[in-house]
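All of the numbers you see were taken from the coordinates with simple rules; none came from a lab. Only a predicted model underlies this, so the values are computations on that prediction, with no experimental measurement involved. Cβ atoms come from the backbone with ideal geometry, glycine included; neighbour counts cover every protein chain shown.
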Amino acid sequence: MILETNYQMIPDGPARHDERRVVRQHAGFSLVELMIAITLGLLLTAAIATIFVGGNRSYKEDDRFARMEENGRFAMKFLIEDLSMAGFWGVVSRPSTITPLASSSCGLAISTVDPIATLHNPTASAVSTAYSCITSANFYSGGDVLAIKRVQGASVATPPASSTDVYLRTVNNPTMGYLIQYNGTPDPAPSLYWQYIPRIYYIRNYSVTAGDGIPTLVRKALNSSLNMVDEPLVEGVERFQVEFGIDDTTPKDGIADRYVAAPISTELANAVNARVYVLVRGLDRDLIYTNAKTYNLGSTTVTVNDNYHRRVFASTVSLRNPADAAMMP
């Protein structure tokens, strides 16, 4: 900044014409004014930065909760859809008459027996023992494991020629059906084919790469080689719990009298609905947030103490068939 200086000779009173005083005039800022301007600028910059940081944090929180909401809804959709269709065998009214396929995978017989099976809060070793295709090192301990057998909701007159999937083949008889591995040759008699889709739901301790630490809802699905393979579904699902509503009334009235988290086979035979709980956590830590809460998932409680946001989703679904429907006369 350039300071311009003007000099004027101003008389100092009428009696002293020989003395002059130099008056120095400045066109610019003084040091005090400059310091005040800098301070105001810093205050304004700090205010703008605070607004920006607050807005950015608000955006991240909104995005985090939106992701949890979306992930929770997707997880519930998969679980509820399969539970509601468990034990669905197309047009066959007596599942016990369906001829099974002489094969099994991951501890599941390719048959109509036991359309619903569950392990309540098992250890990793117990899961691996029951379902050999689930690696104990990849199991995220703490939640349930759910196995469901059923067929696809829609039938086809002829499967794709290249298909080697398992199908329920039915003829014009509501009491006859066969589980077969399709070989590309349709049956000469008028038939309908319903794809057989057994599934095992569990929580894996990683999403894409082993060790990434993101719990993920995964289901094992039967492929054309008759192996149960992983289908990762939803990230951030920390656990799910299923409680079955048991109808104890004689004769049965179709109303649940109590809910059981670890039902035995005779209780599953009288299960009329199921309550599903899903605990979803954020995918990233919020380092200025501490989550020290207890979450209720039916009769199960989960206590945490970390930096992840979480949310619980819950719903009740009617079961299509009791677990022993395949044994009906």
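Counting other beta carbons within 10 Å of each Cβ, put 202, 182 in order, fewest first.
Ascending number of Cβ neighbours within 10 Å: 182, 202.
Report the antiparallel proportion of the DSSP beta bridges in the chain as a percent, rounded to a multiple of 5.
Given both bridge residues lie in the chain, the antiparallel proportion sits at roughly 95 percent.
Find how many whole Å separate the alpha carbon centroid of segment 162-211 from the alpha carbon centroid of segment 75-121.
Using only Cα atoms to place each centre, the spacing works out to 11 Å.
From the C-alpha gyration tensor of segment 184-329, pull out the three semi-axes of the equivalent ellipsoid (sqrt of 5λ each), sorted largest to smallest, in whole Å.
Over the Cα atoms of segment 184-329, the ellipsoid semi-axes are 34, 26, 10 Å.
When 119, 297 are ordered from fewest to most other Cβ atoms inside 10 Å of their Cβ, what list results?
Arranged by neighbour count, lowest to highest, 119, 297 become 119, 297.
Can you give me the relative contact order of segment 34-131 as a percent, contacts being Cα pairs under 8 Å and 6 or more apart?
For segment 34-131, the relative contact order is 16 percent.
Tell me the net charge near residue 121. Cut-off is 15 Å between Cβ atoms, residue 121 excluded, with +1 for each Lys or Arg and -1 for each Asp or Glu.
-2
How large is ³J(HN,Hα) for each residue in segment 213-229, as worked out from phi by the Karplus curve 6.51 cos²θ - 1.76 cosθ + 1.60 (θ = phi - 60°), to whole Hz, x for Gly and Pro?
Running phi through 6.51 cos²θ - 1.76 cosθ + 1.60 with θ = phi - 60° gives x, 9, x, 9, 6, 10, 10, 8, 10, 7, 9, 6, 9, 6, 10, 8, 10 Hz.
Relative to the longest principal axis of the chain, what angle (0 to 90°, nearest 10) does the C-alpha long axis of helix 31-85 take?
Helix 31-85 sits at roughly 10 degrees to that axis.
Looking at the chain from every direction and averaging, what is the projected area of its Cα convex hull in nm²?
So the Cα hull casts an average projection of 30.8 nm².
For the chain, what is the mean residue ellipticity at 222 nm derived from helices alone (per DSSP H run of n ≥ 4: -39500 (n - 2.57); sum divided by total residues; nearest 500 deg cm²/dmol)?
One gets -7000 deg cm²/dmol as the mean residue ellipticity at 222 nm.
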